[in-house]
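Below you'll find the structure, written out as structure tokens, and then a few comments.
The values are calculated or read from the model by the stated rules, or taken from the named source; none is laboratory data. Quantities reported herein were computed from a predicted structural model and do not represent experimental measurements. Here the Cβ positions follow ideal geometry from the backbone for every residue, glycine too, while neighbour counts run over all protein chains shown.
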Amino acid sequence: MLAPALTTIRLGLHVLGAAVWVGGQLVLVGLLPSARRMQAEGPRALARAFARMAWPAYAVLVATGIWNITALHPSQQGTAWKAVLGVKLAVVLVAGVASFAHTRATARAWVAIWGSVAGLGSVAALFMGILLAGP
């Protein structure tokens with residue numbers, strides 16, 4: 001049986017947002033050493049270009065995440081599901097705040113710390129989303 005059209009759109013947009021937000025962060029980590037060798041401004045230029053795509057993707061993730069929650073009727077879910085959802089929402093918020101702090105940090109150490117928190121939080125949120133999707 002195929003998923004209904006709205007479910008396909010909802011989940012497709014959510015996965016696409018995650019591909020850009022989480023996948024983009026992972027790609028940037030891989031590109032960073034090469035960008036540093038090219039020019040001093042290389043990492044900042046890449047970060048600005050990524051931000052133009054990443055923040056809209058984060059907004060799509062939040063919007064489709066809310067849509068996902070309402071489609072799954074939280075009142076009909078078990079305690080464990082609700083607990084994971086609560087943790088995921090907190091992790092998504094932390095990842096967003098850390099990403100914002102990463103863009104505003106000026107000291108290299110804080111750029112690294114906030115970037116690490118954002119990346120780890122984003123990957124954790126991705127895995128919790130899979131957990132919430134169920135079997």
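Descriptive notes on the structure:
- Subset of segment 96-135 [out of contact with any helix residue (DSSP H, G or I) (no Cβ under 9 Å at 6 or more places or on another chain) and over 20 Å from Leu28 (Cβ atoms)]: Ile130, Pro135
- Selection status of Gly65, crowded, with 16+ Cβ neighbours inside 10 Å, on the phi < 0 side of the Ramachandran plot, small (Gly, Ala, Ser) and within 16 Å of the chain's Cα centre (by Cα): yes
- Identity of the residue in segment 50-79, of a type outside the set (S, T, N, Q) and not in a helix (DSSP H, G or I), that ends up nearest to His14 (Cα to Cα): Leu72
- Condition met for Lys82 (charged (D, E, K, R) and either surrounded by 17 or more Cβ atoms within 10 Å (Cβ to Cβ) or not in a helix (DSSP H, G or I) (or both)): no
- Contact map, segment 95-118: residues that are more than 20 Å from Gly23 (Cβ to Cβ) paired with residues that are part of a helix (DSSP H, G or I) and of a type outside the set (A, V, I, L, M), Cβ distance under 6 Å, separation 6+ or inter-chain. Pairs shown: Ala101/Trp114; Ala105/Trp114.
- Qualifying position, being surrounded by fewer than 16 Cβ atoms within 10 Å (Cβ to Cβ) and of a type in the set (Ser, Thr, Tyr), among Ser99, Ser75: Ser75
- So Leu93, is it modelled with pLDDT under 95, more than 15 Å from Gly24 (Cα to Cα) and surrounded by fewer than 16 Cβ atoms within 10 Å (Cβ to Cβ): no
- All positions within segment 1-45 that are at pLDDT below 90, surrounded by 11 or more Cβ atoms within 10 Å (Cβ to Cβ) and of a type outside the set (Gly, Ala, Ser): Leu32, Arg36, Met38, Pro43, Arg44
- Any hit, segment 38-51, residues being within 23 Å of Leu131 (Cβ to Cβ) and within 18 Å of the chain's Cα centre (by Cα): no
- Among residues of segment 37-49 that are within 16 Å of Thr103 (Cβ to Cβ), those with a Cβ under 9 angstrom from a residue that is part of a loop (DSSP other than H, G, I, E, B), sequence gap 6+ or separate chain, pair up as Ala45/Gln39.
- Scanning segment 106-122 for residues that are aliphatic (A, V, I, L, M) and surrounded by fewer than 16 Cβ atoms within 10 Å (Cβ to Cβ) yields Ala107, Ala109, Ala112, Ile113, Leu120.
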